[in-house]
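Below: one structure, written as structure tokens.
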Amino acid sequence: MTAPPADLHALPKAEVHVHIEGAVRPSTLEEFAARAGVSISRAFTDLNTFVLMYATAWETMTQPGDYARMMREYCEDAVRQGVRYAEVELSPIGRSYNHVAEAVDEAARHRDIVVRFNVGNVRSFPPDVAWAMLEAVKDVPEFVAFGLGGNERDFPPEPFRDVFAEARNRGLHAVPHAGEDAGPESVRAALDSLGAERIQHGVRAAEDPALLAEIAARRVPLAVCPTSNVLLGVCKTIDDHPLRRLWDAGVLVSINTDDPGFFGCDLAGEYAIAGRLLGLDREGYAQLARNSVESSFAPDELKEALRREISDWAGS
Ligand code: HPA
Ligand code: ZN
């Protein structure tokens, strides 16, 4: 087995599946929790126990400056992983919306990373909340996409059909989670009901060869998070991960961290895991990074610059 390249951190990358609250540094979350007088159990075993824990953590992130701090810390950490462009999922509702402005302003201060945002809709909330989220971001051009996360098994996407259609009308890209805790039928519903342009996770599409072939042919990106999938029980062990099947089917897969603060992972480490599963050489790692750029909604000039920098890294 070949070791991953020692300079994997320097490979320029895009990260297109990461949640701002899920990226909170553990030490920062401890401060927030102590301030709120709560303890946050990390004893999650699946998506639903994770989502409940996540909500407890979210309830501690309430003070002015909290989102600016989380954003600053994410940018610092991501830059060390070679991230040059990130699409960060954030929920624009709750706490009088100030957290959105804080996060957007803070992100704009960082010169070595470009950050855009996805609206973090939650499936277990009524679609009215998603409509309010859509309104909340209408004058915030940094929001480029409309997402959907949370309990996938009990909350199918169809009730969100109209709000996703309106979001797409307004120029937001549809990037729901699907095929994580529910099977290929959930990915199919995300494509057909929501007009998904990228699927967050989507790994369970591997269970349906016809769907997989369609996703590959249509170049619908899957934003895969290997460690997240193991820790939330989507696959038993990393060696059971379907990444290889996705890759061999010609799917546009990118590698991401999802919630690195809770999963104890980082992006270069996730690339190394993917490299081992796929048997990648240096050019293969460069291809993973190119896929991350193609999977993103980064401005064209930035995409072009990143493609060149990735080729420089690869020596190709
Ligand atoms: N899936 C669903 N909901 C989430 C996730 C996820 O990966 N991360 C944060 N909320
Ligand atoms: Zn996610």
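Observations on the structure shown:
- If you plug the beta carbon distance of Arg161 and Glu301 into 1/(1 + (r/R0)^6) with R0 = 45 Å, you get a FRET efficiency near 0.85.
- Accessible surface of the chain, 1.4 Å probe, proportion on carbon and sulfur as whole %: 53
- Extent along principal axes [Cα atoms of segment 17-90; Å; largest to smallest]: 34, 29, 18
- Translational diffusion of the chain, µm² s⁻¹ [Kirkwood Rh, Cα pairs; Stokes-Einstein; 25 °C; 0.890 mPa s]: 126
- Each Lys and Arg contributes +1 and each Asp and Glu -1, all at the Cβ; summed about the Cα centre of segment 1-152, the dipole is approximately 180 debye.
- The chain - charge dipole about Cα centre, Lys and Arg +1 at Cβ, Asp and Glu -1, debye rounded to 20: 340
- Both radii are taken from the alpha-carbon atoms of segment 7-136; with Rh as the Kirkwood radius, Rg/Rh is 0.97.
- Compactness of segment 192-307 as Cα Rg over 2.2 N^0.38 Å, two decimals: 1.03
- For segment 95-174, the fraction of C-alpha pairs farther apart than 19 angstrom is 39 percent.
- For segment 118-242, the fraction of C-alpha pairs more than 23 angstrom apart is 29%.
- Net charge dipole size for segment 98-185 [Lys, Arg +1 and Asp, Glu -1 on Cβ; Debye, nearest 20]: 260
- As a length-normalised measure over Cα pairs under 8 Å and 6 or more apart, the relative contact order of the chain settles at 21 percent.
The values are calculated or read from the model by the stated rules, or taken from the named source; none is laboratory data. Only a predicted model underlies this, so the values are computations on that prediction, with no experimental measurement involved. All Cβ positions, glycine included, derive from the backbone under ideal geometry; neighbour counts span all protein chains shown. For accessibility, only protein heavy atoms count, side chains too; no ligands or nucleic acids. Shrake-Rupley method; radii C 1.70, N 1.55, O 1.52, S 1.80 Å.
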